[in-house]
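What follows is a set of notes on a single structure, which appears directly below.
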């Protein structure tokens, strides 16, 4: 059964996908950061986060209060567009459809692997009935 | 020419001024003079075009209010917007600023893995996106910045000269300059890495005296593809056409430039994480040192 979008189960699958993607692992092997995702127009849905150390996700789950290096959020409709491939991760960031808080320089430096990460999120079976 | 008072903030006798990023003080300069003539005709105003040889003189003149229309590189247009009331209006269509890491063709350096322990790099200016992206390319290849010495040449084109004359082992070369260089120059160089970010762009920026006519200016530039003369001129300049700059793009590049210029490269993870991190783990925040 597909995981509910932005659920703990879903973000854990995202973490596994990150760890198993060769290009992400190659480009981000020295990358360390915490980042959070949430749905702008669904305040009832808890935020989720990933913590990556030396390229590997060491935490994937509910946002637990630790400080985040990056926060990304948009409406459920735009998330659907990103996951369906209708909107690329980079285009979403550039057009501010995917809102972003954090170091833009770091985002730019790692744009290629991060774009891959956003673009393959849709490969994880997901249930948007939330 | 327009007669009587015009909306450019003065009379028809007022002469506006156009300049371009110093990158263009090279072989396509005649096309920029023709471009200036094209704009004068289509906007019905008087405007002189004068190019610069180096970034520093160009920035000083623009920030000093001597120009009304500027084709500027990303970090410069952010600065002109912030400090001199310019607005980026139009950008080249499907045309982004990318960076090539180049060495001389006869160099022993064939890839990033061959870089010597100390590396002398030619770069136009530290305050350009080209320089920043060049550093990013080296960062991604785990080249410690402590190994780098810089020779700042003042213009993109002179980076090519510095490389060919052996003044540097590696150059941060603006893609547009490399692609527009003569075949002799290109054959004398080897590209060992390149960015593919499709993120930043040069833009035409209008200053305070020209901004009241921004809509007309955007229309004239974006409609150049619709007539034979405009298309010919675009081809001479090396562009396929122009498109309006979106406000979201301005926001993104402004944040990026401000972070870079202010030296804010990244966040110290110790301040942003509840997990204990060894002090030695980071050279530049967010990055472990490569294995030695």
- Output yes when any residue across region A:103-120 is farther than 23 Å from residue B:136 by Cα and buried (at least 19 other Cβ atoms within 10 Å of the Cβ), and no when none is. no
- Does residue A:5 qualify as being within 14 Å of chain B (Cβ to nearest Cβ), modelled with pLDDT of 85 or more and surrounded by 16 or more Cβ atoms within 10 Å (Cβ to Cβ)? no
- Note on the structure: Filtering region A:8-37 for residues that are outside any loop (DSSP other than H, G, I, E, B), touching a helix residue (DSSP H, G or I) at 6+ places or on another chain (Cβ under 9 Å) and within 14 Å of chain B (Cβ to nearest Cβ) leaves a count of 8
- Message: Checking residue B:225 against (1) at pLDDT 95 or above; (2) in a helix (DSSP H, G or I); (3) in contact with a helix residue (DSSP H, G or I) (Cβ under 7 Å, 6 or more places away or on another chain); (4) within 27 Å of residue B:84 (Cβ to Cβ), only one condition comes out false. Which one?
- Response: (4)
- Among the residues of region A:35-60, count how many are within 17 Å of residue A:10 (Cα to Cα) and in contact with a strand residue (DSSP E or B) (Cβ under 6 Å, 6 or more places away or on another chain). 16
- Within region A:67-101, the residues that are touching a helix residue (DSSP H, G or I) at 6+ places or on another chain (Cβ under 9 Å) and in a loop (DSSP other than H, G, I, E, B) are A:67, A:68, A:69, A:85, A:86, A:87, A:88, A:95, A:96, A:97, A:98
- Condition met for residue B:155 (in contact (Cβ under 8 Å) with a residue 40 or more places away in the chain and in contact with a strand residue (DSSP E or B) (Cβ under 7 Å, 6 or more places away or on another chain)): no
- Is region A:112-130 home to any residue that is within 14 Å of chain B (Cβ to nearest Cβ), closer than 30 Å to residue B:261 by Cβ, at pLDDT below 85 and not in a helix (DSSP H, G or I)? no
- Given (1) crowded, with 18+ Cβ neighbours inside 10 Å; (2) away from every other protein chain (no Cβ under 14 Å); (3) in a helix (DSSP H, G or I), number of the condition residue B:61 does not satisfy: (1)
- Query: Is region B:96-112 home to any residue that is touching a residue at least 60 places away in the same chain (Cβ under 8 Å), assigned to a strand (DSSP E or B), farther than 30 Å from residue B:222 by Cβ and under 20 Å from the mean Cα position of the chain (by Cα)?
  - Reply: yes
- Message: Just to be sure I understand the filter: pairs with C-beta atoms under 6 Å, separated by 6 or more residues or on different chains, first member in region B:192-218 and within 14 Å of chain A (Cβ to nearest Cβ), second member at pLDDT 95 or above. Which pairs pass?
- Response: B:193/B:101; B:194/B:100; B:195/B:99; B:201/B:91
- Query: Only one of (1) surrounded by fewer than 21 Cβ atoms within 10 Å (Cβ to Cβ); (2) over 16 Å from residue B:88 (Cβ atoms); (3) more than 14 Å from the chain's Cα centre (by Cα) is not met by residue B:175, so which one is it?
  - Reply: (3)
- Query: Can you tell which of B:166, B:171 is out of contact with any helix residue (DSSP H, G or I) (no Cβ under 8 Å at 6 or more places or on another chain) and touching a residue at least 12 places away in the same chain (Cβ under 8 Å)?
  - Reply: B:166
- Please enumerate the residues belonging to region A:77-100 that are within 14 Å of chain B (Cβ to nearest Cβ) and either modelled with pLDDT of 90 or more or more than 13 Å from the chain's Cα centre (by Cα) (or both). A:78, A:87, A:91, A:94, A:95, A:96, A:97, A:98, A:99
- Query: Do you know which residues across region B:40-58 are out of contact with any strand residue (DSSP E or B) (no Cβ under 6 Å at 6 or more places or on another chain) and assigned to a helix (DSSP H, G or I)?
  - Reply: B:41, B:42, B:43, B:55, B:56, B:57, B:58
- Message: Quick test of your reading of the structure: residue B:33 fulfils all but one of (1) surrounded by fewer than 21 Cβ atoms within 10 Å (Cβ to Cβ); (2) touching a strand residue (DSSP E or B) at 6+ places or on another chain (Cβ under 7 Å); (3) touching a residue at least 40 places away in the same chain (Cβ under 8 Å); (4) part of a helix (DSSP H, G or I). Name the failing condition by number.
- Response: (3)
- Among the candidates A:20, A:32, which residue alone is without any contact (Cβ under 8 Å) to a residue 12 or more places away in the chain and within 30 Å of residue B:142 (Cα to Cα)? A:20
- within 14 Å of chain A (Cβ to nearest Cβ), at pLDDT 95 or above and within 28 Å of residue B:82 (Cβ to Cβ) - does that describe any residue in region B:244-263? yes
- Going by the structure shown, is residue B:108 within 14 Å of another protein chain (Cβ to nearest Cβ) and surrounded by fewer than 16 Cβ atoms within 10 Å (Cβ to Cβ)? no
- Picked from region B:126-160 (must be in a helix (DSSP H, G or I) and over 18 Å from the mean Cα position of the chain (by Cα)), the residue surrounded by the fewest Cβ atoms within 10 Å (Cβ to Cβ) is B:146
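The values are calculated or read from the model by the stated rules, or taken from the named source; none is laboratory data. Quantities reported herein were computed from a predicted structural model and do not represent experimental measurements. Using ideal geometry, Cβ is built from the backbone for each residue, glycine included, and neighbour counts are taken over all protein chains shown.
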